[in-house]
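Data block below; observations after.
Throughout, read-outs are computed from the coordinates displayed, never taken from laboratory work. Computed from a predicted structure; not experimentally measured. So basically every Cβ, Gly included, is an ideal-geometry build from the backbone, and we count neighbours across all protein chains shown.
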Amino acid sequence: MHNVLITGGLGYIGSFTCKYIKNVKRLKLTSVDNLSRGNSFAKKYCKNYQIDISNKNKIIELIKKKKINTVLHLAAYTCVRESFTKKNLYKKNNYIKQKKFIDILTKIGIKNLIFASSYSLFINKLNLEKMSPYVKYKLLIEKYLKKKSNKNFKVIIIRYPNVAGASLDGKLGEKNDFINRIFPTFIKLILNRKKINLYYDFKKKKYPSRNYLHVEDIASFNYKIIQYMPKMSKNLIYINLINDVFFSNFTIMQKIALKLNRFCNFRKKQLKKIETIKPKINFQKKDLLKKINWKKKFSNIDTILRTNLLWIKKRKGLK
Ligand SMILES: NC(=O)c1ccc[n+]([C@@H]2O[C@H](COP(=O)([O-])OP(=O)(O)OC[C@H]3O[C@@H](n4cnc5c(N)ncnc54)[C@H](O)[C@@H]3O)[C@@H](O)[C@H]2O)c1
């Protein structure tokens, strides 16, 4: 049996992954989350140790005690916009501490690591000077992992798309006030009758299109990939995880307004030069996705929207 350490287990993706794994009962899971941003109510899905990933002694002690052999590493700060205003914070948490954590894992002999990266690498034109600190550090950690991976330290890098939605009953969702994700942001602005700034390329006359997967599908994917890791023959695999359809921010705004039966008030704002209209994603490891037998169940845009709405209404006490 796998003994798995999940970092960021109380975060958005982490809490859904812990809930999923708790239900399938086939893995022993331990979480490390310093609760700088997480949902403390998600503790019921997995035993959490409130430790920072950079705390060498405590991490080593826990890995030995729990006989951990595989790590699903989600812990990081995740707000692109915030990473511009708090560059040092992101450098410390998403770069320096990440490298330290990886060094701890290799030193203690962890065999398998799954690293949560982001498909925003493809949204930005790869220019380290101009890209957001959030994306830059994801890229630098990917490069560091490429250097460190070997037959004794196998690495899977998953580039998640935009993760969205909440549980079908609306009881679990994202509680991260620092994050301005598109669905909750648009829902709140439309409900409060505020103006939405929509990014737009005035030259190409196009809105940017983005890719979304439901968080429950991400959780089942994480489980399947953990199961797959011991069978992996390569030392390093990149997985660009995306849904079949891209949606423009304009379409999403319209869908939300329709669902809420409200008018949407918006203005167009020039898309940043570094951002693409629609990211070109070259390889998706379709053979591997087939091998692990992962099937999306909830990632159609209407389920994502409906569950997001349920969760927001529940949290805000709205009818
Ligand atoms: N949510 C998305 O749309 C998305 C998309 C692409 C990639 N990702 C990546 O997936 C991972 C998880 O994202 P999320 O949306 O669940 O984020 P989240 O902010 O909800 O969860 C991250 C968790 O990590 C914890 N954490 C942060 N720094 C820590 C540290 N130094 N030590 C211990 N714990 C720490 C926080 O307390 C939080 O609970 C991140 O690495 C993120 O970059 C997320």
> Once both labels are modelled 7 Å past Cα along the beta-carbon direction, what's the K206-K313 spacing in nm?
Replying inline: 3.6 nm
>> Full-extension gain between I292 and L260, please, as 0.36 nm times their residue separation minus the C-alpha to C-alpha distance.
In response: 7.7 nm
> Which whole-angstrom value gives the distance between the alpha carbon centres of segment 1-72 and segment 121-169?
Replying inline: 20 Å
>> If amide hydrogens are placed 1.01 Å from N in the peptide plane, which non-local residues have theirs closer than 5 Å to the one on S118?
In response: Y160
>> For the chain, take the longest principal axis of its alpha carbons; what is the angle in degrees between that and the long axis of helix 97-108, to the nearest 10 within 0 to 90?
In response: 30 degrees
>> Under the 0.36 nm per residue contour assumption, what length would be gained going from the current alpha-carbon distance of R193 and K278 to full extension?
In response: 27.7 nm
>> Quick check: pseudo-label points 7 Å beyond the Cα along Cα→Cβ at K92 and K47, how many nm apart are they?
In response: 3.1 nm
>> Test of understanding: what is the full-extension gain from K28 to N127, defined as 0.36 nm times their sequence separation minus their Cα-Cα distance?
In response: 31.6 nm
> Which percent of Cα pairs goes in each bin when the distances of the chain are cut into 10 angstrom slices starting at zero?
Replying inline: 6, 26, 36, 24, 8, 1
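Looking at segment 167-319, what % of its DSSP beta bridges pair antiparallel, to the nearest 5?
Values: 4 of 9 bridges.
Restricted to segment 167-319, the bridges split so that about 45 percent are antiparallel.
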> Mind checking the angle between helix 249-260 and the chain's longest principal axis? C-alpha axes, 0 to 90 degrees, to the nearest 10.
Replying inline: 70 degrees
> Once you wrap a convex hull around the alpha carbon atoms of segment 178-222, what is its projected area averaged over all directions, in nm²?
Replying inline: 5.0 nm²
>> Antiparallel versus total DSSP beta bridges in the chain: what percent is that, nearest 5?
In response: 15 percent
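Go through segment 188-267 and name the chymotrypsin sites (Phe, Trp or Tyr not before Pro) that are in a DSSP coil and have 11 or fewer other Cβ atoms within 10 Å of their Cβ. List each step's numbers first, then the result.
Working: sites: Y199, Y200, F202, Y212, F221, Y223, Y228, Y238, F246, F247, F250, F263, F266; in loops: F202, F263.
In loop regions of segment 188-267 (DSSP not H, G, I, E or B), the sparsely surrounded chymotrypsin sites (Phe, Trp or Tyr not before Pro) are F202, F263.
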> Taking the alpha-carbon set of segment 57-119, what are its Rg and Dmax in Å?
Replying inline: 13.4, 39
